[in-house]
Amino acid sequence: KGYFTYDPGFMSTASCESEITYIDGDKGILLHRGYPIDQLAEQCDYLEVCYLLLHGEIPTAPEKAKFQKIVMHHTMVHEQLHEFFQAFRRDSHPMAIMVGVVGALSAFYHDSLDISDERHREVAAHRLISKMPTLAAMAYKYSIGQPFIYPRNDLSYGGNFLHMMFSTPCEPYVVSPTLARAMDKIFILHADHEQNASTSTVRLAGSSGANPFACIASGIAALWGPAHGGANEAVLTMLEEIGDESNIDDFIKRAKDKDDPFRLMGFGHRVYKNYDPRATVMKQACDEVLAELGIADDPLLKIAARLEQIALEDPYFVERKLYPNVDFYSGIIFKAMGIPTEMFTVLFAVGRTPGWIAHWKEMVSGPYRIGRPRQLYTGKVARNLKK
Ligand code: CMC
């Protein structure tokens with residue numbers, strides 16, 4: 001009593017019990033509710049995975065139809081939110097907008113929301129999954145000065161997102177089934193990853209009994225950093241900076257130099273000490289999308305593949321067990337789909353929403369107490385103020 005462990009970065013501290021996601025970092029295994037991520041990505045659509053994370057089982061056909069109907073029925077956001085967007089600078093980073101507008105949703109769902117009621121928790125979960133793509137696409141449209149495009153509930157979840165991103169009132173965007181499926185797959189690959197920084201933030205914020213929409217906004221803030229979700233944007237910037245295969249060695253040298261803050265973006269993971277299983281599926285999806293779009297020889301993909309090969313053979317990366325992670329190839333797919341770099345982390349946030357909300361729901365559905373870490377005080381000893 002009176003002692004506690006000091007564990008900066010939570011290297012060896014379990015903050016909760018959870019039944020949602022299992023990771024074996026040494027073997028490179030990721031299971032959601034027991035199902036391997038590659039099987040989910042190949043055999044399920046995103047809404048089935050959302051349902052699985054929230055409810056523990058793959059939905060039956062009637063359950064799926066009901067869930068899909070609810071989620072797709074609520075894709076619109078309140079018209080007043082349109083006004084909220086207008087107050088942001090035109091050149092605001094879309095993640096900054098997302099932190100604001102998702103937090104603002106809490107104002108629309110507060111007084112009538114009772115988080116001790118299972119039905120209310122479900123409503124919060126469904127509304128967030130419904131509205132995240134709409135808000136994400138609105139952030140993009142705002143940044144390029146185009147009118148917001150209303151959702152189309154007859155499309156798939158991924159297809160509707162592409163529609164809201166790329167249609168204009170003058171010209172509808174014809175959603176290719178392959179690209180819609182790829183979008184769905186990318187969302188699945190991001191859907192949950194147990195107690196990462198953003199999910200832990202959502203749980204910590206939620207542990208005070210705070211409004212779930214505000215808790216998800218706190219998760220979006222934590223996701224933004226380049227060590228977490230911001231890495232997908234940073235990977236593409238890095239690949240563009242490398243520019244040519246002949247420059248790869250210089251960047252590898254910089255990544256190994258302890259006096260240089262540069263890190264190989266999209267490489268390494270706190271938990272995986274093996275190939276990130278999501279990266280394997282992402283690479284396949286990347287090949288499929290580039291083939292669909294007729295991009296045979298993408299120069300960034302060539303640089304990425306060569307960089308990966310060199311790093312996987314370099315003793316520095318081998319000894320530290322640094323492998324490509326989920327962010328390494330996602331940016332190349334996004335770029336090929338015409339999604340601008342600043343939107344990459346927003347897409348991660350859309351995909352991660354069911355994971356965040358499933359963890360919040362799991363926590364507040366059982367007995368929980370406020371998260372309150374201790375500290376090692378290293379300041380002044382007690383002293384008297386003499387003026
Ligand atoms: N490039 C060069 N060296 C690296 C890298 C990298 N990408 N990642 C880790 N290292 C080195 C690090 O310098 C340290 O070396 P040493 O033992 O000599 O001091 C060793 O590997 C261990 O690294 P760490 O920083 O102690 O590991 P961590 O678990 O605290 O950090 C990480 C994990 C993901 C933040 C880190 O690997 C990193 O910064 N990677 C690049 C950013 C990135 O791709 N992030 C996305 C993560 S996956 C998606 C997500 O979860 O959001």
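So here's what we get for this one:
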{"quantity": "Residue of 217, 197, 291 that the Gaussian network model of the chain assigns the largest fluctuation, springs spanning Cα pairs under 10 Å", "calculated": "291"}
{"quantity": "Square roots of 5 times each gyration tensor eigenvalue, C-alpha, the stretch 231-336, largest first, Å", "calculated": "22, 16, 11"}
{"quantity": "Cα-based shape type of the stretch 175-302, given that a ≥ b ≥ c are square roots of the gyration tensor eigenvalues and the cut on a/c is 1.5", "calculated": "oblate"}
{"quantity": "Relative contact order computed over the chain (Cα-Cα under 8 Å; 6+ residues apart), in percent", "calculated": "24"}
{"quantity": "Relative contact order %, the stretch 195-247, counting alpha carbon pairs below 8 Å whose residues are six or more apart", "calculated": "29"}
{"quantity": "Lysines whose Cα lies under 21 Å from that of residue 302, excluding same-chain neighbours fewer than 8 positions away", "calculated": "253, 283, 335"}
{"quantity": "Net +/- balance of residues flanking residue 201 in space, Cβ distance below 14 Å, scoring K and R +1, D and E -1", "calculated": "+1"}
{"quantity": "Helix-derived mean residue ellipticity, 222 nm - over the chain, DSSP H n ≥ 4, -39500 (n - 2.57), to 500", "calculated": "-17500 deg cm²/dmol"}
{"quantity": "Mean Cβ count within 10 Å, highest first, over the residues of peptides 326-336, 132-142", "calculated": "326-336, 132-142"}
{"quantity": "Of 105, 128, 81, the one that fluctuates the most in a GNM where the chain has Cα springs shorter than 10 Å", "calculated": "81"}
{"quantity": "Unit charges at the beta carbon, dipole of the stretch 18-146: most positive-side option, 95, 138, 124", "calculated": "138"}
{"quantity": "Lysines whose Cα lies under 22 Å from that of residue 131, excluding same-chain neighbours fewer than 8 positions away", "calculated": "64, 66, 69, 141, 185, 361"}
{"quantity": "For the chain, built as a Gaussian network whose Cα springs stay under 10 Å, the top-fluctuating residue of 11, 282, 183", "calculated": "11"}
{"quantity": "Gyration tensor verdict on the chain (Cα atoms; rounded if a/c is under 1.5, prolate if a/b is larger than b/c, oblate otherwise)", "calculated": "rounded"}
{"quantity": "Exposure proxy ranking, count of Cβ atoms within 10 Å, fewest first, for 278, 127", "calculated": "127, 278"}
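Any read-out appearing in this document is the output of simple, stated calculations on the displayed coordinates, not a laboratory observation. In this text the structure is predicted, and so the values were computed from the model without any measurement. Neighbour counts run over all protein chains shown; Cβ positions are idealised from the backbone, glycine included.
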